[in-house]
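Structure first, commentary second.
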Amino acid sequence: MGEASDTEPVDTEVTPPATRRRRKKSMVWEHFTIEAVAGGCTRACCKLCKQTFAYSSGSKVAGTSHLKRHIALGSCPKIKNQEKQQQLALASGGNTDGSNIDHPKRRYRLSGFANAAFDQDLSCMNLAKMIIVHDYPLHIVEQPSFISFIESLQPRFKMVDISAIEEEISAVYQKEKQNLMQVLGTIPGRISLTIGLWTTSQTLGYVSLAGQFIDSDWKLHRRMLNFLMVSSPHSENALSEAIGVTLSDWNMKSRLFTITLDNNCSSHDIYSANLRDHLSNKHTLMLKGQLFVVRCYAHILNVIAQDVIASIHGIIYNIRESVKFVKASPTREEKFAEIALQLEIPSTKTLSLDVTTQWNTTYLMLLAALEYKQAFTTLETRDDNYNEAPSADDWKKVEVVCTYLKLLYDSANVIVATADPTANIFFHEAWKIELELTTATLNEDPIVSTIAKEMHEKFDKYWKDCSLVLAIAVVMDPRFKMRLVEFSFSKIYGADAVRYVKVVDDCIHELYHEYVAQPLPLTPAYVEQSDANNMNVDENNQPTTPISGGDGLLDFDMYLSEMAVNQPTKSELDQYLEESLVPRIQEFDILNWWKLNIIKFPTLSKLVRDVLAIPMSMVSSGSFIFDTGAGRVLDEYRSSLSPETVEALFCAKDWLQYLPTMAEPPSTSIVKMEF
């Protein structure tokens, strides 16, 4: 008789006293019976092999874990003998012996793991993917605890060394790069790039380049393309060299549309002779390069917010220390709450400390503290240990700062809340901020005008650089077209609005004519049914007079033919602009609208596909859009790796998140990463 010594936790499914016997719920009792033996003990007997195992002795119950192992791991000799027949029966949908016995191992769903073939190469590849996706250090493969863990799961796995795992990571990178290369080769439009600078503790640096595009199914995508080491990341030729490598590497010389830069990059850096060689006359930029350089919208919000916060840094320090003082102990919090109650302060906001590198938390800290300004002043008179209360003038400055930080805060949250931030949504945010700041600079209150002028100086530069591309993008939104441009420009420019509106209209028409000059893709041509019905063609492809339908209106038919010849056909662009606006609904999907109208506007839709894919912001997720940190810094460990390995890790991590085998695929079709 076999007997197992079980040291695992006792199963909760114990045998109750005879007076209150409960039905056993564990699946194991389908394969075992309880037999009483001498001394008040019981044993569990396997129905298949009749082997018995200790189950209870008096009030002590052994549990069922050892019984489950007997069935699930194939220790039962009967199960071993039936294994081959059972597999054949499962494959054929029945039992070879004609019985209806359900195989215990199948019931426990462990046969697949117990009998699965081990693949060393597949395991190495999955280990490399794990390191890539979760940013684990490569030397994890040499850590004794990790090795022990793997051996406990699969003793046959031979752990690889750092050199081997580097090769495996490179293989994953190369495979996914080829897959992405095929995808990029099938997209119907152009690609826009985003450029980001990374620094290290050394003099070396890196340039990240990501491509954004809309595929043939009108889905927006962003993919990391290259992560290149440069000897001096802020040198004049660093960006142009990196862009040139990417254009050649991904065969994009004739497909580049725009480049989006953050505020650490200088526009003139990308116009060096090196880049001009890649963008030769044969591959000229659209609209003579007027749309070529785009500034990151999120970064300009961060820069302005950081500057306005710095302008009252002394006051913010006092408020931060005041909040710390109140929250230092429950007693102080209770005392502060009593003061607020006595002063009848209606606020329901809770005092909170900020994260100094995230300006949204500083804004929220100031906003809450502002409502308790009287309480802080009173606290200073009642507690000798507190002397950080801001003055009335200080609170006035905080109030003005919060008023204009709210513009930036609300705008940033709109971008974060948008699942697929196509280029058309940014005009709405930018023109409102430009108008508010322009108006505020004329305010009679010197505090308001001073703060507004500091903010407007930087934002106005962004507006002048990017308002054209922002406007063109919103015109491609059928809910607004030129109407919103006319309305917003009249608010901003007043009497000069007509001149600025004309610039936008002229550029859109010029850009459209450039697309007209390009051959259309192999898609069904749009033919007006009226033209097809009113015109016949003879064997020489010459129009002939329509045949009268016998209703006596032959002269009328000839009149219609003459009118059709004499009236020039409107372009797709003019037809689109003259049509009524689409009703504004919150759930409007602009990409789906153009997907449905591609047959109607085959040429214009090519233009729209490229324009809507312009990455107006390089940051689109989470707290990164509020980040005012020191910039992108490569840590010491990554800096110590070879440039090839660093690029493989960064790029492959981006690409792998789109594989169906990854546990957490992106929630939208656009990569939520900062570059």
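The values are calculated or read from the model by the stated rules, or taken from the named source; none is laboratory data. Here the structure is a predicted model, which means the values were calculated and not measured. Methodologically, a virtual Cβ is constructed for each residue, glycine included, from the backbone with ideal geometry; neighbour enumeration extends over all protein chains shown. Heavy atoms of the whole protein, side chains included, go into the accessibility calculation; ligands, DNA and RNA do not. Shrake-Rupley method; radii C 1.70, N 1.55, O 1.52, S 1.80 Å.
Could you tell me which residue of the range 302-319 is most open to solvent (accessible area, probe 1.4 Å), considering only residues that are without any contact (Cβ under 8 Å) to a residue 12 or more places away in the chain and out of contact with any Asp or Glu (no Cβ under 9 Å at 6 or more places or on another chain)? Per the stated criteria, the residue is HIS313.
Criterion applied to SER347, SER322 was being modelled with pLDDT of 90 or more and open to solvent by less than 80 Å² (accessible area, probe 1.4 Å), and the one residue passing it is SER322.
Within the range 27-54, residues that are farther than 12 Å from ILE71 by Cα and open to solvent by less than 20 Å² (accessible area, probe 1.4 Å) reach partners that are of a type in the set (A, V, I, L, M) and part of a helix (DSSP H, G or I) with beta carbons closer than 8 Å, at six or more positions or on different chains, in the pairs ALA44/LEU67; PHE53/LEU67. If you go through the range 133-170 and keep only what is open to solvent by 50 Å² or more (accessible area, probe 1.4 Å), aliphatic (A, V, I, L, M) and within 30 Å of TRP250 (Cβ to Cβ), you end up with just ILE162. If we scan the range 153-160, do we find a residue that is in contact (Cβ under 8 Å) with a residue 40 or more places away in the chain and outside any loop (DSSP other than H, G, I, E, B)? No, the conditions are met nowhere in the range 153-160.
Of all residues in the range 341-373, count the ones that are part of a loop (DSSP other than H, G, I, E, B) and among the charged types (D, E, K, R). Reasoning before the result, please.
Restricting attention to the range 341-373, the residues satisfying the condition of being part of a loop (DSSP other than H, G, I, E, B) are 343-357, 372.
Cutting the leftovers down to among the charged types (D, E, K, R) gives us 344, 349, 354.
Summing the residues that are part of a loop (DSSP other than H, G, I, E, B) and among the charged types (D, E, K, R) in the range 341-373 gives 3.
Going through the range 365-377 one residue at a time, which ones are touching a residue at least 24 places away in the same chain (Cβ under 8 Å) and surrounded by fewer than 17 Cβ atoms within 10 Å (Cβ to Cβ)? Passing the criteria: GLU371, GLN374.
Conditions (1) touching a Leu at 6+ places or on another chain (Cβ under 8 Å); (2) free of Cβ contacts under 8 Å to residues at least 40 places away in the same chain; (3) farther than 23 Å from ALA613 by Cα, marked per residue:
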| position | (1), (2), (3) |
| --- | --- |
| HIS139 | no, yes, yes |
| GLU142 | no, yes, yes |
| GLU151 | no, yes, yes |
| GLU167 | no, yes, yes |
| GLN182 | no, yes, no |
| THR200 | yes, no, yes |
| VAL207 | yes, yes, no |
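Is the range 434-453 home to any residue that is under 23 Å from VAL503 (Cα atoms), at pLDDT 95 or above, assigned to a helix (DSSP H, G or I) and under 28 Å from the mean Cα position of the chain (by Cα)? For the range 434-453, residues under 23 Å from VAL503 (Cα atoms), at pLDDT 95 or above, assigned to a helix (DSSP H, G or I) and under 28 Å from the mean Cα position of the chain (by Cα): present.
Could you check the range 118-136 and list, in sequence order, the residues that are under 24 Å from the mean Cα position of the chain (by Cα) and either of a type in the set (Gly, Ala, Ser) or not in a helix (DSSP H, G or I) (or both)? I'd like the intermediate steps shown before the answer.
Taking the range 118-136 as the starting set, the residues that turn out to be under 24 Å from the mean Cα position of the chain (by Cα) are 126, 128-136.
Scanning the range 118-136 gives ALA128, ASP135, TYR136.
Within the range 326-338, the set of residues being in contact with a helix residue (DSSP H, G or I) (Cβ under 9 Å, 6 or more places away or on another chain) and either surrounded by 19 or more Cβ atoms within 10 Å (Cβ to Cβ) or part of a loop (DSSP other than H, G, I, E, B) (or both) comprises VAL326, LYS327, PHE336.
Restricting attention to the range 281-301, the residues being in contact with a strand residue (DSSP E or B) (Cβ under 7 Å, 6 or more places away or on another chain), within 24 Å of TRP359 (Cα to Cα) and crowded, with 23+ Cβ neighbours inside 10 Å number 2.
Here is the figure for the range 350-364: residues that are more than 18 Å from ASP307 (Cα to Cα) and either without any contact (Cβ under 8 Å) to a residue 24 or more places away in the chain or open to solvent by less than 70 Å² (accessible area, probe 1.4 Å) (or both) total 3. Only a single criterion out of (1) more than 21 Å from the chain's Cα centre (by Cα); (2) buried (at least 20 other Cβ atoms within 10 Å of the Cβ); (3) closer than 17 Å to LEU364 by Cα is not satisfied by TRP431, namely (3). Of all the numbered requirements in (1) more than 38 Å from the chain's Cα centre (by Cα); (2) open to solvent by 20 Å² or more (accessible area, probe 1.4 Å), PRO390 misses one, and that requirement is (2).
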